[in-house]
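First comes the structure, then the notes that go with it.
Every number here is computed from the coordinates shown, using simple stated rules; none is lab data. Everything numeric here is computed off the predicted structure, so don't read it as measured data. Glycine also receives a Cβ, built like all others from the backbone with ideal geometry; neighbour counts cover every protein chain displayed.
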């Protein structure tokens, strides 16, 4: 938990941001039909779809003002101004080492999850995506070494960039037309490449624990999708987001065995 | 070691993709998926689960029933089912309300991209709470004419089958009610019990228990024929108000559909299984116990029915001003 | 039917299950499956019941009921595992449990917490069952007093109370979070007129935001981020040698258990709201009644017991309107209604005439299911705490994958995954700024109810607020809301202090 003083400063910032959100809600709500007939229902002010958003927007604004006033009373605004002034006069302000490391960890986690969800899941085989996500995520954080973390993050983002390039240029569609699972193969190559690089890195930086670390990374990354995918696909009978090359093999095996 | 695994995986992937390419085999050779576009436990869901259970015995494969809900008029599930491979292994569990999805802006195609199989539906009935002052339809209509727009009528949301029945009822009897929308028939019926609304229009299947338990008083069927629930005969509203015949009946049509582009051999098999399933005792008993009128329509008959429903729903919604897409632009004919 | 013949049927139907090995196997299997469903974020009791509905179609009605009720009871209870161990509620029903369950786990008392929730869930289920048998008609009559105004006030109350209870900082921030949740619930076509609100033309938003991805996003993602950031680790669980939970603690908390059960049954009986709300309201009541309300949120045993008892008691409550009126009291109960219809049973007023022994049979199965749940729970608790031994940097990515597949599997939309991540990041930031998460979720859950019922109520009263004061239940709810808000202001506290002083003076 942060100090009370810092919290009041944060309050002032969020109050202003949310105040704007509240105003935006009201502004948008005012464009909705207020009176007249809509959808077969005679509309008075109290039936209007705008009624509830107006109440919500209004309450948010009121509560934000209360919050802001409270913060100002405790002198949060002058402290904030002071911070900004300090920052301006002294650009190379140094954040504490601890703050830097935790901030970069937060950013990496968010980036990994976003990439997994926005970039890979809608496009390539679910099994491979899970495998890739786990190898990268566990590989980045589990060895507990800053160097491995930053290299892992860099690797992942450069592969993601390459994937984006393939999609934007249309190469992904082109390759998929030639061979339906091209992009799955691309992900598979990523998994292989990243595994090999992590293997090297771990041996370099954590030689005494290398064997154990690497086993844990590989075993978990493979077991989880190997359990989850058949469980959801055949046990719960939930079709997965994209069923590419690997899940087709699963299907083949499943129908052969049955 | 790792490299050899990699290579073997690649080879397997290649082989499977070829195997999948070349095939016309015995249908069905694997499980069929039915995407029900309405929530679990609702009428469409229950009917699909029962008919699919019977059909799966006839076809000899599992039929998985899943619920994909949301959107306008079930559009999320409709798009989901429609965008899956049209190989005959995907069915969509739908009802008459889905025909509005296109004009509401949720689905880019008309109903004619499907081949329909209609299990049946339950007819609508006008009812009042047990303590209501109205005992016959005539008393209700007289009261409504004396104070236009003051009697509260509950039904599920704007554009639902029950709402359209209410509109038709108003038009045919030249009355005007204060329509209070609910998000489903069950809450509307609750409101009739608590006295929040004076009359409700929902299907007899949904009301049957409350009618039999004496909590609701049925006044008239919105159908040309009378209907009997446990020895209690509910008269048809057409007897005293023949003008209703111009607007009614609008009956629920619950069932499922397969994409029109699916291979013909699959559609033939499904049709045959559907026909047999409709004849089973389980389906017949279900219909009887739950006050559904079984239709068992498929092929041209079913498609024509859904087309007609689409035009009547679409144009009514357009007139009400709640359609987002002009029915003309979708080439939906006027009813 | 007199008491003795009822009891005869009750013990007969219980005996029939007990001597039938396949029925017992089914019972334990389905309860176990329910617990697994509950414990996995995203898989809910509703999905479990839906899945078993199809699988049990071919069975006899009695066997099907054993499976369905087993999965229901297990699913509601199982949510507490993830809440306590990971601070990510497995289901919305156990969100309140996380508030004190996770701090307990951090103190190394995860085993104790799980043992207690197991026992209190079982007791809650049994008490709920007693109400099904004893008071079904009376309770459903009261539940029917709820018209649109009452539903609106109830929803509003839920948001205010959760904002008040869970705010770690200023209480306004809890309320702001609640209103933000309400705003999220407004997105989509409104259910009364189908007018698209805040959809910005995106058809994916037309249907509104699904609750499950929002829930997982709001609880799961920030938790993953925070744990990885701090590389924190809940303390190694103390070895707990006793498998049986501490009966002393249970006996000490009997008033809490009874109060929570009553709240659970009552809320379950009101159609449209279910286990999720029951947990919160009961938590609030326990906090108000406690002698040490300040300890709530730091790992108070009473808090965990209160929410877990209530959400399981809610099962019985939800069965009451289902069986007596054919109106499901909660989402899983709605699926149960569909399943019963498949087996040719129409719940409703005529049930007592068509199938006179049916309610007793349900009660017997509920009792057996709660025993099965207790036995499995006590055995599992020992194993499950081992999860905490896994290093967080390995566990958290697995949880992330589970969050993803969980958000996806309920409605099978990739859009829900996109939504989950956005909500997760926003909530992470809000959480860092000292805003509680829970009111936001309650807002999303209760928003549609508040919105529709407010407008519908005004439609019925033609724009007048008078019914709030003329309807007894509404007036009561209104006064409780006013009191809750007022109790947070300084004036109220000052008046209260003076009042107390005067009383103490008079005494002397």
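Couple of notes before you dig in:
- Rg/Rg_globular for chain B, with Rg_globular taken as 2.2 N^0.38 Å and Rg from C-alpha atoms: 1.13
- When each of the peptides B:273-283, A:167-177, C:93-103, C:472-482 is scored by the mean number of other C-beta atoms lying within 10 Å of its residues, the order from highest to lowest reads C:93-103, B:273-283, C:472-482, A:167-177.
- Radius of gyration and Dmax over the Cα atoms of the range A:97-257, both given in Å: 16.8, 57
- Hull volume in cubic angstrom per residue (convex hull over the Cα atoms of the range C:3-470): 152 Å³
- Extending 7 Å from Cα along the Cβ direction at residue C:202 and again at residue B:300 yields two label points whose distance is 4.6 nm.
- Summary value for the range A:97-257: 37 percent relative contact order, contacts being C-alpha pairs under 8 angstrom separated by 6+ residues.
- A simple packing score, the average count of other Cβ atoms within 10 Å per residue, orders the peptides C:382-395, C:13-26 as C:382-395, C:13-26, with the highest score first.
- Förster radius 35 Å - calculated FRET efficiency between residue B:289 and residue C:298, Cβ distance, rounded to 0.05: 0.05
- Dividing the Cα radius of gyration of the range A:4-89 by its Kirkwood radius returns 1.24 for Rg/Rh.
- Sorted by Cβ density within 10 Å, fewest first, the residues C:449, C:335, B:306: C:449, B:306, C:335
- Highest mobility in the GNM of chain A, judged by mean-square fluctuation with C-alpha springs under 10 Å and restricted to A:152, A:22, A:115, is found for A:22.
- Counting only DSSP beta bridges with both residues in the protein assembly as shown, the antiparallel share comes to about 65 percent.
- Shape metrics for the protein assembly as shown, restricted to C-alpha atoms - Rg then Dmax, Å: 29.6, 97
- Rounded, prolate or oblate (a/c below 1.5 giving rounded, otherwise prolate when a/b exceeds b/c) for the range B:30-137 by Cα gyration tensor: oblate
- Stokes-Einstein diffusion for the range B:151-196, with the hydrodynamic radius set to the Kirkwood value over Cα pairs and evaluated at 37 °C in a medium of 0.692 mPa s, equals 309 µm²/s.
- GNM remark for chain A: springs join alpha carbons under 10 Å apart, and the peak mean-square fluctuation among A:220, A:140, A:14 falls on A:14.
- Simple spin-label estimate for residue A:86 and residue A:175 in nanometres, 7 Å along Cα-Cβ: 5.0 nm
- Kirkwood Rh, angstrom, the range C:1-138 [1 / mean 1/r, Cα pairs]: 16.2 Å
- The angle between the Cα long axis of helix A:97-114 and the longest principal axis of the Cα atoms of chain A comes to about 70 degrees, rounded to the nearest 10.
- When each of the peptides A:67-74, B:96-103 is scored by the mean number of other C-beta atoms lying within 10 Å of its residues, the order from highest to lowest reads B:96-103, A:67-74.
- Taking every residue in A:215-228 and counting other chain Cβ atoms within 10 Å of its Cβ, the average works out to 2.
- Semi-axis lengths, Å, the range B:124-246, gyration tensor of Cα atoms, sqrt of 5 times eigenvalues: 18, 17, 14
- Note on B:174-183: average number of Cβ atoms from other chains within 10 Å of each residue's Cβ is 5.
- Acute angle (nearest 10 degrees) that the helix B:264-279 long axis makes with the longest principal axis of chain B, alpha-carbon atoms: 50 degrees
- Relative to the longest principal axis of the Cα atoms of chain A, the long axis of helix A:182-205 lies at roughly 90 degrees.
- Legend: calculated FRET efficiency, residue B:275 to residue C:502, from the Cβ-Cβ distance at R0 = 60 Å, rounded to 0.05, equals 0.10.
- Efficiency of FRET between residue B:170 and residue A:21 - r from beta-carbon atoms, R0 30 angstrom, step 0.05: 0.10
- Global form of the range B:25-72, assessed from the alpha-carbon gyration tensor, a/c cut-off 1.5: oblate
- Shielding by other protein chains, C:330-342, mean Cβ within 10 Å: 5
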